[in-house]
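The values are calculated or read from the model by the stated rules, or taken from the named source; none is laboratory data. Remember, it's a predicted structure, so these values are computed and weren't measured experimentally. A quick note on method: Cβ atoms are made from the backbone with ideal geometry, for glycine too, and the neighbour counts reach across all protein chains shown.
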Amino acid sequence: MNDRRDAHSELRGGYEAAAEFYDLFAKNDDIPFYLDYARRQGSPILDLAAGAGRVSFALAREGFEVVALERSEDMLRVARQRHNDLTEVIAKQVTIIEGDFTDFTLNQQFSLIIIPASFGHALTRDEQLSTLSCVRCHLRDNGLFILDLFPGGVQPERAFFEDVPVELPDGRIVRRVGEMRVDPARQILELKLHFIISDPQIEPKKEECFELLSGAALIHNREANMLMRMSDLEIVEEFGDFDRRPFSSDCGRRILVLRKSS
């Protein structure tokens, strides 16, 4: 590889410690979008960087056959726990596989492939091209690939946020506080998250905190277009968010619907 993986080693930790809590703060506004294309394309569907199964299980509940690929051991543990809680009929629709979305080989091709909000975890150009090459190899000739990007150049250089706390079924409260910092020279967004878990039923009050650091590549629009051309993928549709608004250069999100180049 031309790009050095170890240059980003500190940003490759993922969400190991907080896999149990990560999906609590997802907006889930992407799920109706993926369901719409699933209905158009049919099964099987490949969910790359599937995490704890947030999208995979939503698709399976609607009757679609899904392969969920994830490399994080903690995310896989949570996904398998949730898989065990599904009804037998729905559980049969989902196959969970341990693997790296930047380099995988499956003996199957898919009608629809998705990477929900995670393509940026391919931090180098070589990893991005490898991911797209793997996607193309596993995509049926009439299949579609949905790529969710956070374009470089429109992300704030630094931002802080705190989500609305979430109460767990056992009464514990989970808060998430985050900081985003953009490094323009490296084209990397660094994300630091704090998950604070407290139990109001216990006195004196105690809190447990997990701190996570991860990174995502900021891919400018021209770079994204070049990556698609180099990977023999062509844009079928393009949106500025999951509400299907037209994409413009000031959108903070770029949703590409792609197919194999003819």
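See the values below:
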quantity: Residue in the range 65-75 that is surrounded by fewer than 19 Cβ atoms within 10 Å (Cβ to Cβ) and not in a loop (DSSP other than H, G, I, E, B) present; calculated: yes
quantity: One residue from Glu179, Glu234, Glu208 being without any contact (Cβ under 8 Å) to a residue 40 or more places away in the chain, in a strand (DSSP E or B) and either within 21 Å of Leu144 (Cα to Cα) or hydrophobic (A, V, I, L, M, F, W, C) (or both); calculated: Glu234
quantity: One residue from Phe210, Phe242 being under 22 Å from Ala159 (Cα atoms) and touching a helix residue (DSSP H, G or I) at 6+ places or on another chain (Cβ under 7 Å); calculated: Phe210
quantity: Long-range neighbours under 6 Å by Cβ, at least six apart or interchain, first residue without any contact (Cβ under 8 Å) to a residue 60 or more places away in the chain and more than 13 Å from Phe110 (Cβ to Cβ) within the range 52-75, second surrounded by fewer than 22 Cβ atoms within 10 Å (Cβ to Cβ) and of a type in the set (Lys, Arg); calculated: Gly53/Arg82
quantity: The range 215-238, residues that are of a type in the set (D, E, K, R) and more than 18 Å from Val182 (Cα to Cα); calculated: Arg222, Arg229, Asp232, Glu234, Glu237, Glu238
quantity: Cross-chain or 6+ apart pairs with Cβ under 7 Å, the range 77-99 first and in contact (Cβ under 8 Å) with a residue 12 or more places away in the chain, then charged (D, E, K, R) and assigned to a helix (DSSP H, G or I); calculated: Val78/Glu20; Ile90/Arg61; Ile96/Arg80
quantity: Number of the condition not met by Gly240 [criteria: (1) in contact with a Pro (Cβ under 7 Å, 6 or more places away or on another chain); (2) modelled with pLDDT under 95; (3) not acidic (Asp, Glu)]; calculated: (2)
quantity: Every residue from the range 120-151 that is more than 30 Å from Asn107 (Cα to Cα) and more than 17 Å from the chain's Cα centre (by Cα); calculated: none
quantity: Asp126 being at pLDDT 95 or above, acidic (Asp, Glu) and under 22 Å from Pro44 (Cα atoms); calculated: no
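Residues are listed down the side, and each one gets a yes or a no for (1) outside any helix (DSSP H, G or I); (2) under 22 Å from Ala217 (Cα atoms); (3) among the hydrophobic types (A, V, I, L, M, F, W, C); (4) assigned by TED's automatic domain parsing to the domain that holds Asn142:
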| site | (1), (2), (3), (4) |
| --- | --- |
| Gln81 | no, no, no, yes |
| Ile96 | yes, no, yes, yes |
| Gln108 | yes, no, no, yes |
| Ile113 | yes, yes, yes, yes |
| Gly120 | no, yes, no, yes |
| Asp126 | no, yes, no, yes |
| Leu129 | no, yes, yes, yes |
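Residue-wise test of (1) loosely packed, with under 14 Cβ neighbours inside 10 Å; (2) under 20 Å from Lys27 (Cβ atoms).
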| residue | (1), (2) |
| --- | --- |
| Gln155 | no, yes |
| Asp170 | yes, no |
| Val177 | no, yes |
| Arg181 | no, no |
| Leu191 | no, yes |
| Phe210 | no, no |
| Leu218 | no, no |
